[in-house]
Amino acid sequence: MRSGQVALEKYVITKTLTKPPEAYPDAKNQPHVQVALRLKQSGYSTGCSAGDTVPYIICCEQGISSGSSVGIAQRARHPDELKRDDGKWMIDIEYYLSQQIHPVVSRLCASIEGTSPERLADCLGLDSSKFQSKSSEAIRNDSSSSFLFAVDDEERYRGCEPLILSCPSCSSNFDCPAVFSSVYTSISEKPTKAETQCNFWRIFRCPKCPEDGDVGRISPGMIANQVKRQAEGFVSMYYKGLMTCDDETCKYTTRSLNLRLVGDSERGTVCPNYPRCNGHLLRKYTEADLYKQLSYFCHLLDTVRCIEKVQIEASAKIPLEKELIKIRPMVALAASTIQRIRDRCAYGWVQLNDLIVFV
């Protein structure tokens, strides 16, 4: 590509006009619309109306870096324009390598050990430092990666919805803290009397209700029922099967699968707006999201495994264990309820029959 051995036709990108080019409110950000508008101004009568497919090539001016402040839409040129401009415009090789080739190669090589977006960028002759943030961002946004490879619980459960409890007396809602962190903080930091009374897992009552009498008390059964109701809400969200287009300009959301096959796309992933949109349908709420959320609820109500994770001296661990032993019977019903729901999720199981090959 850098030596000019690739034919001009290989760089052509096509996109269909869904309406007259003048009717686009964001025409300045649409390369094919900008090309169609110039064609109309040049006197073309075909190829620049609603329903027409506009071919264009991303270019850069001679002597100006491709990373200039000029947007991609302003640098798009019709193949005929490129041939006619006598060397004023040249193909933006950096754009095609970084935006068209690198993302595809990265997805194909993602499962190959030893490869990374930075290393692939270096092999393509690109600045690898520009792809380090994209690599870390992709890992953070991937639910399965963040859950399986996170260093600590805060990173592992980032983005999960909180456990919200409702008071039977005042009907107010409040976020339920993790049992272990709440107890550990109260013991290690020696809280005041007022802070101790606000610690839900010590008093089992609504923090917004008055302290006198039994007003605002929440029983273990109430906690278990509310945990189950919220967990079933997430399960229901998963089974809705909502899928959304990964194209930022489309974002089409549907529950119906498009079974047509286009190119190498898997069946059921083609956007219903094709050919106006070349995006792919992705699950809006995946099985990894569901398993991560259910595991987070298990983490909040855990009073057993949490002790093994914390690195403290034995003398400090004894009062912590004593406090957790007092609380354990109160949260046992809710903890067992959410664990049963999570264990029904097939995402957390490995079928050994699929791993064994008989010769």
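Every number here is computed from the coordinates shown, using simple stated rules; none is lab data. Just so you know, these numbers come straight off a predicted model, no measurement behind them. Every residue, glycine as well, gets a Cβ built from its backbone with ideal geometry; the counts of neighbours run over all protein chains shown.
Numbers for the structure displayed
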{"quantity": "Amide hydrogen neighbours beyond the local backbone of residue 76, cut-off 5 Å, H modeled", "calculated": "59"}
{"quantity": "Residues with amide H under 5 Å from that of residue 270, placed H, sequence gap 5 or more", "calculated": "258, 281"}
{"quantity": "Stretch gain in nm, segment residue 53-residue 317, where the contour uses 0.36 nm per residue and the Cα spacing is subtracted", "calculated": "88.1 nm"}
{"quantity": "Integer Hz, Karplus 6.51/-1.76/1.60 couplings in order for the range 229-238, x for Gly and Pro", "calculated": "5, 5, 4, 5, x, 5, 4, 5, 4, 5"}
{"quantity": "Under the Karplus curve 6.51 cos²θ - 1.76 cosθ + 1.60, θ = phi - 60°, whole-Hz ³J(HN,Hα) for the range 25-37, x wherever Gly or Pro sits", "calculated": "x, 10, 4, 5, 9, 10, x, 5, 6, 4, 5, 5, 5"}
{"quantity": "Amide H contacts under 5 Å for residue 54, placed H, 5+ residues apart", "calculated": "15, 16, 17"}
{"quantity": "Inter-site label distance for residue 217 and residue 116 at 7 Å from Cα along Cβ, in nm", "calculated": "5.7 nm"}
{"quantity": "Extension reserve of the residue 6-residue 170 stretch, reckoned as 0.36 nm per residue once the Cα distance is removed", "calculated": "51.9 nm"}
{"quantity": "Rounded to whole Hz, the Karplus (6.51, -1.76, 1.60) HN-Hα couplings of the range 210-222, x for glycine and proline", "calculated": "x, 7, 6, x, 9, 5, x, 6, 10, 7, x, x, 4"}
{"quantity": "Restraint check, 28/292; 251/292; 19/130; 28/88; 28/251; 208/322, Cα-Cα greater than 30 Å", "calculated": "28/292; 19/130"}
{"quantity": "Reachable lysines from residue 83, criterion Cα separation under 22 angstrom, eight or more residues apart if same chain", "calculated": "10, 15, 40"}
